[in-house]
């Protein structure tokens, strides 16, 4: 059972302290989990903390689904079985009015379990101050190594830090640099343009070579220039194509 399911089960059992513990651990590992932020708001009695969690849930694209009553389940007064029977005469002397039960007394109260002050709301992860080389190594580690424990061990070896500091550093990179973890895409329009340049350069080089070896060519200086210009265009465009495939945008 994962943390999200465990938190759901704890909320259903009105164990708000345990649910809050699971949800805080979950949003620390995955700050963009909108539904987890929304459920975490239900465990706080402090209005400021509750609103902060709801705002984070909305920023991450989560909107709770409103419950809609199906029309078939609504029985109108004239659709009841005894709607057309003669109603009995009212007995005002024996009539009593029952005190309605307030809806607030039926709702679970998170403060009943003392969960409001059990944990503090997780703060925003600190910004990792890394040089570009170290940041690139950590991004490659996150993309190529799915095992979290091995990621932490690798970061501990890189920076000679504790496991907790390594885990916090990895979370900071994921939180503050999500664009580096997305799959890179090749700019196809530029790639096609460079491919056309390669074909054009090779064509010029072939024409220059043909004119150079043609017995009817009197001045061979221009075919040589054409050959080297075409070769330069093809090599330059080819190198740019290789760079596009290795370092896509």
| task | Determine the relative contact order of segment 3-59: mean sequence separation of Cα pairs under 8 Å and six or more apart, normalised by residue count, in whole percent. | result | 28 percent
| query | By counting other Cβ atoms within 10 Å of each Cβ, how are 241, 188 ranked from fewest to most? | reply | 188, 241
| request: Arrange 194, 164 by Cβ neighbour counts within 10 Å, fewest through most, would you? | output: 164, 194
| task | Treat each spin label as a single point 7 Å out from the Cα along the C-beta direction, and report the residue 55 to residue 213 distance in nm. | result | 7.5 nm
| note | Ordered by fewest other Cβ atoms within 10 Å, a rough proxy for footprinting exposure, 43, 236 read 236, 43
| Gain upon complete extension [residue 145, residue 192; 0.36 nm per residue less C-alpha separation] | 13.6 nm
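Where a number appears in this text, it was derived from the coordinates with a stated rule and is not lab data. None of the values given here were measured: they were computed from a predicted structure. In this analysis, Cβ positions are derived from the backbone assuming ideal geometry, glycine residues included, and neighbour counts consider all displayed protein chains.
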